[in-house]
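Working notes for the structure below.
Any read-out appearing in this document is the output of simple, stated calculations on the displayed coordinates, not a laboratory observation. Keep in mind the model is a prediction, meaning the values are calculated, not measured. Cβ: placed from backbone, ideal geometry, glycine included. Neighbour counts: every protein chain shown.
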Amino acid sequence: MEKITIISCDYSVYGSARDYAHKLGEHEQFHDEPEENCHPGAQLQYVEDMLLAVKCGVQPVVIFTNSEIIFNAIRLAIVKGELNCEDVLFQHFTNGKVVQNLKANKYGAILTQNWPEQFFCIGNILAEQILDNAMKKRTEEKKKDGTSTKRKQ
């Protein structure tokens, strides 16, 4: 049995996925959306504390979350050797059922075609959009001012 099960879901099936997580967590250590109202740094601290608890024997742990930070921190712990990839199960709900039980490899990669599109890259997409729009805005301002957009060497 896995030491940590992480359950996520599409927003359209939130209720049924949460109910499933609660049932699964009845006899385990259950954490329901630990990221709620937490600063990103606090989410990282949560993962560090949870990993310490697991090492001290508090297991199995069931986490119901859609936090990209928590997912990636768990994956990083696998890569760093702080957690064995065989000890973690990722599950994702869509259309009211688990898509499939997924495992990360020793490099933290979850290799599947069934994982939700863009789940791990929303933050990167937003950062790219911010940069693109900032550059467009800056170019427009420079054109309006009559100055060059090229950097000085």
(request) Would you mention how many residues in segment 72-93 are aromatic (Phe, Trp, Tyr) and surrounded by fewer than 16 Cβ atoms within 10 Å (Cβ to Cβ)? (result) 0
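Which of the residues spanning segment 36-67 are under 12 Å from Ile6 (Cβ atoms) and not aromatic (Phe, Trp, Tyr)? Before the answer, list the steps.
Going residue by residue through segment 36-67, those that are under 12 Å from Ile6 (Cβ atoms) are 47, 50, 60-67.
Answer for segment 36-67, where residues must be under 12 Å from Ile6 (Cβ atoms) and not aromatic (Phe, Trp, Tyr): Val47, Met50, Pro60, Val61, Val62, Ile63, Thr65, Asn66, Ser67.
Considering only residues that are surrounded by 16 or more Cβ atoms within 10 Å (Cβ to Cβ) and either touching a residue at least 24 places away in the same chain (Cβ under 8 Å) or farther than 13 Å from Thr65 by Cβ (or both), which ones fall in segment 30-46? Don't jump to the end; show me each part of the working.
Going through segment 30-46, the residues surrounded by 16 or more Cβ atoms within 10 Å (Cβ to Cβ) turn out to be 30-31, 34-35, 38, 43-44, 46.
Result: Phe30, His31, Pro34, Glu35, Gln43, Leu44, Tyr46.
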